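A quick write-up on the structure given underneath.
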Amino acid sequence: MFLKKKIKKLTEERWNVGFIQNSIEDILNNFPLKVNWVKHNYKNSWFADPFILDVSEKKIELLVEDFFKPANKGRISKLTIDKASSVLQSCDVILDLTTHLSFPFIIRQEDPLSLFIRDIDTHVNSFNEPYVYILPENGESGHLSIYRYFPLSNKIDFLHSVLDEGVEDAVPFFIDNQTFLFCTPRKNPNGNILYIYKWHSEEKKFIFLKSVSFKENVARMSGAFFYYNNKLIRPTQECNLQYGHAVTLQETNIRNFSFKELRRIYSTHPILNVGSHTFNSYKNIIVTDTLGFDRMWIRKILKRFNLI
């Protein structure tokens, strides 16, 4: 047991985020990826699960999982990054609980997706400061909750628990005046079973609708749905070899909940090249992440002898 703990400490996982320079068209046409990785000097944290909060002429703001090593759990932070150099300028912790947090899904007020939140938010448009909603993964708590977040002041308020069970990387989607929720169950988060829920206004909760099974471990979400050439695309994680091994982009038929893979994306990082598990876009910026381990050579030796 002591040896395993020592090995884990020496070969800790490490994530980073980066910006894909290719267009969506090039990505779906299997062009080689070019990624500008964020540069930072934070030793006690690594960053993953990026969602784009805002983009300006000179900077990009992300909401991310900020895994704080001294606490051994994730929290949600806002990263401000120089657009030209990809250098991290600041990191502001916005939500830190006693339980692990990650995957800070963003819902904007102008997005039709926000319509279901009117069932639970009695103060819509009653604030002078602009805000967004965030739906972070917090499966360890046994709940899925929505928060109201004010980016200018970094103030955040709990709003409502929309699902009273632990699920992983939940992504809502609005179509035909209905809101669905896609996620994986906490008991099997990286497997081949996708759970789909539907919003019920009366209960003010997402209610289980159905499950969908895949031939591979590609059920878990890796970002928000998006449209390209009238195709609805679902970003997912491929977890066949391990958690977060790759991103897949699946064409989605929301009418019958069928999915067809269009591309699989692996990490292109020169060092952190073990996995990738996020794909998001906003304002013509595409963000992803990448996984590696410290002292990877130790892990390779131990794996060869089936010691890990």
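All of the numbers you see were taken from the coordinates with simple rules; none came from a lab. Values in this document were obtained by computation on a predicted structure and should not be read as measured data. Using ideal geometry, Cβ is built from the backbone for each residue, glycine included, and neighbour counts are taken over all protein chains shown.
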Inset, instruction - Assuming R0 = 51 Å, can you tell me the calculated FRET efficiency for the pair E57 and I271, based on Cβ-Cβ distance, to the nearest 0.05? - result: 0.95
Inset, instruction - Please get the size of the charge dipole for segment 98-237, origin at its Cα centre, with Cβ charges of +1 on Lys and Arg and -1 on Asp and Glu, quoted in debye to the nearest 20. - result: 380 debye
Legend entry - Global geometry of segment 251-291, whether rounded, prolate or oblate, following the gyration tensor of its Cα atoms and the 1.5 cut on a/c: oblate
Legend entry - Selected from K215, K198, K39 as most flexible by GNM, with the chain as the system and alpha-carbon contacts under 10 Å: K215
Inset, instruction - Place a +1 charge on the Cβ of each Lys and Arg in the chain and a -1 charge on the Cβ of each Asp and Glu, then give the dipole magnitude about the Cα centre in debye, rounded to the nearest 20. - result: 1460 debye
Legend entry - Amide H partners (placed H, <5 Å) of E168, local residues excluded: T184, R186
Inset, instruction - Please report, in debye to the nearest 20, how large the charge dipole of segment 6-143 is about its Cα centre when each Lys and Arg carries +1 at its beta carbon and each Asp and Glu carries -1 there. - result: 820 debye
Legend entry - Cα-only Debye scattering, the chain: base-10 log of I(q)/I(0) at q = 0.12 Å⁻¹: -0.80
